[in-house]
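Participant: Pasting in a structure now, in structure tokens, and then I'll have a few things to ask.
Read-outs: derived from the displayed coordinates by stated rules, not from any lab. Not measured: the values here are computed from a predicted model. Positions of Cβ are backbone-derived with ideal geometry, glycine not excepted, and every protein chain shown enters the neighbour counts.
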Amino acid sequence: MTPIWRLTETELDEMGVAPPYWAFAWAGGQALARWLIDNPQEVAGKTVLDFATGSGLVGVAAMKAGAASVLCADIDPFCRAATALNAEANGVALAFTDADLLDGPPPGVDVICAGDVCYESPMTDRVMAWLALAQAAGSRVLIGDPGRTYLPKTGLTFLAEYQVPTTRELEDFAIKRTCVWSLS
Ligand SMILES: C[S@@+](CC[C@H](N)C(=O)[O-])C[C@H]1O[C@@H](n2cnc3c(N)ncnc32)[C@H](O)[C@@H]1O
């Protein structure tokens, strides 16, 4: 474990708060961010939701790629501060909500990005059902994932693959083969 993760997790655990996912750029988010920068036409001039934003990484990339606006959503309230700091450091504007958007119908945005959301079974089931609703309602849904256990095996269209550097203190490999998919 990295020192920041261990210390923060211990401290937060004592308060009954979730682990600090916002402290890292997870492989799924890194790949999705890279893909948006490489394919700016996918978000340029469009409204974007960065679902499960963590640090705000994918939202920053979407704005850098020319998105009209980005709403970052994460149920961990610490993500608000992390996202605001990263937005400021990158000179972009990001809106943020800590509401659990999965409790209601998906917002009518042009594009929904979801970086590294398939790491727990119940969450993945809930997220994928909601993302399917979003796609059916007309949103383009983009997913970045390093082959997590619960990533669905069907219903995805392959868009790109990246070799993403990460840390052995958090992942099983120092370089994670990570793919970007769209819901199909
Ligand atoms: C592995 S992190 C990925 C963060 C970021 N997308 C990235 O790739 O760096 C997963 C994130 O999902 C968030 N999350 C879990 N359930 C959620 C929900 N119902 N709505 C929004 N975010 C959620 C967690 O708080 C966490 O920040």
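Participant: Report, for the chain, the % of DSSP beta bridges that are antiparallel, rounded to 5.
Facilitator: Working: 13 of 30 bridges.
Counting only bridges with both partners in the chain, antiparallel ones make up about 45 percent.
Participant: While we're looking at this one, here's another question. Kindly identify region 4-135 as rounded, prolate or oblate by the Cα gyration tensor criterion: order the square roots of the eigenvalues as a ≥ b ≥ c, call it rounded if a/c is under 1.5, otherwise compare a/b with b/c, prolate if a/b is larger, else oblate.
Facilitator: Values: a/c = 1.81, a/b = 1.28, b/c = 1.41.
Oblate.
Participant: Please sort by residue number the chymotrypsin sites (Phe, Trp or Tyr not before Pro) in region 116-184 whose DSSP state is loop and whose Cβ has at most 15 other Cβ atoms within 10 Å.
Facilitator: Numbers: sites: Y119, W130, Y150, F158, Y162, F173, W181; in loops: Y119, Y150, F173.
Answer in residue order: F173.
Participant: Please work out the Cα center distance from region 129-170 to region 1-79, rounded to the nearest Å.
Facilitator: Answer, in whole Å: 14.
Participant: Can you compute 3J(HN,Hα) from phi for each residue in region 168-174, using the Karplus curve 6.51 cos²θ - 1.76 cosθ + 1.60 with θ = phi - 60°, rounded to whole Hz and x for Gly and Pro?
Facilitator: Result, ordered by residue: 5, 6, 10, 10, 7, 10, 6 Hz.
Participant: Then there's this: Among the lysines, which have Cα under 23 Å from the Cα of K176 when same-chain residues fewer than 8 positions away are ignored?
Facilitator: Partners within reach: K153.
Participant: Within the chain, which is the longest segment containing none of the trypsin sites (Lys or Arg not before Pro) that sit in a DSSP loop and have at most 11 other Cβ atoms within 10 Å? The partial results should precede the final answer.
Facilitator: Details: sites that count: K153, R168.
That would be 1-152.
Participant: Taking amide H atoms as placed 1.01 Å from N in the peptide plane, list the residues 5 or more away in sequence, or in a different chain, whose amide H sits under 5 Å from that of F96.
Facilitator: C72
Participant: Now for a different question. Could you run the Karplus curve 6.51 cos²θ - 1.76 cosθ + 1.60 with θ = phi - 60° over region 125-142 and give me ³J(HN,Hα) per residue in whole Hz, x for Gly and Pro?
Facilitator: 4, 5, 5, 5, 5, 5, 5, 5, 4, 4, 5, 4, 7, x, 7, 7, 10, 10
Participant: Amide H neighbours of A68 under 5 Å, counting only residues 5+ apart in sequence or on other chains, H built in-plane at 1.01 Å?
Facilitator: Amide H neighbours of A68, under 5 Å, 5+ apart: G45, K46, T47.
Participant: For a quick check of your reading of the filter: which GluC sites (Glu not before Pro) in region 115-184 sit in a DSSP loop and have no more than 16 other Cβ atoms within 10 Å?
Facilitator: On the way: sites: E120, E161, E169, E171; in loops: E120, E169, E171.
Counting only loop positions with at most 16 other Cβ atoms within 10 Å, the GluC sites (Glu not before Pro) in region 115-184 are E120, E169, E171.
Participant: In a shell of Cβ-Cβ distance under 12 Å around P77, excluding P77 itself, what net charge do Lys and Arg (+1) and Asp and Glu (-1) give?
Facilitator: Details: positive: R80; negative: D74, D76, D98, D100.
Taking every other residue near P77 into account, the sum is -3.
Participant: Taking springs between alpha-carbon atoms closer than 10 angstrom, which of L12, L133, L159 fluctuates most in the Gaussian network model of the chain?
Facilitator: L12
Participant: Starting from the Cα of F158, step 7 Å along the direction of its Cβ; do the same at D98; then give the gap between the two resulting points in nm.
Facilitator: For F158 paired with D98, the spin-label model returns 4.0 nm.
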